[in-house]
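Written out below as structure tokens is the structure these notes cover.
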Amino acid sequence: ARIYYNIQYYMIVIVFLIFDVEVLFMYPWAVQLKTLGGLGFIEMVIFIEVLIIGLAYAWRKEALEWIQ
């Protein structure tokens, strides 16, 4: 028997995986922060701003809501 799930569950999983992978990209940066210097810090700030914009977009489109 097949069980059908609401597409909203899949959207939440996709958003979670995207942001989880992005956090994995931040770990090596945090380890090498002293050697990267100011330019590396500015690049990571821009990267985090892009993540925040993506989260705001998903929130505005109500992709993070469980029940509609």
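The values are calculated or read from the model by the stated rules, or taken from the named source; none is laboratory data. All figures in this text were calculated on a predicted structure; none of them were measured in a lab. All Cβ positions, glycine included, derive from the backbone under ideal geometry; neighbour counts span all protein chains shown. These accessible areas exclude ligands, DNA and RNA; they are computed on the full protein's heavy atoms, side chains included. Shrake-Rupley method; radii C 1.70, N 1.55, O 1.52, S 1.80 Å.
Of all residues in segment 1-28, those satisfying the criterion of being within 16 Å of the chain's Cα centre (by Cα) and touching a residue at least 12 places away in the same chain (Cβ under 8 Å) are 11, 12, 15, 18, 19, 22, 25, 26.
Under the condition of being of a type in the set (A, V, I, L, M, F, W, C) and open to solvent by less than 50 Å² (accessible area, probe 1.4 Å), the residues counted in segment 7-28 number 3. Going through segment 37-64 one residue at a time, which ones are open to solvent by less than 80 Å² (accessible area, probe 1.4 Å) and more than 15 Å from the chain's Cα centre (by Cα)? Of everything in segment 37-64, those that are open to solvent by less than 80 Å² (accessible area, probe 1.4 Å) and more than 15 Å from the chain's Cα centre (by Cα) turn out to be 37, 38, 40. Restricting attention to segment 16-68, the residues that are among the aromatic types (Phe, Trp, Tyr) and either in contact with a strand residue (DSSP E or B) (Cβ under 9 Å, 6 or more places away or on another chain) or closer than 30 Å to residue 5 by Cβ (or both) add up to 6.
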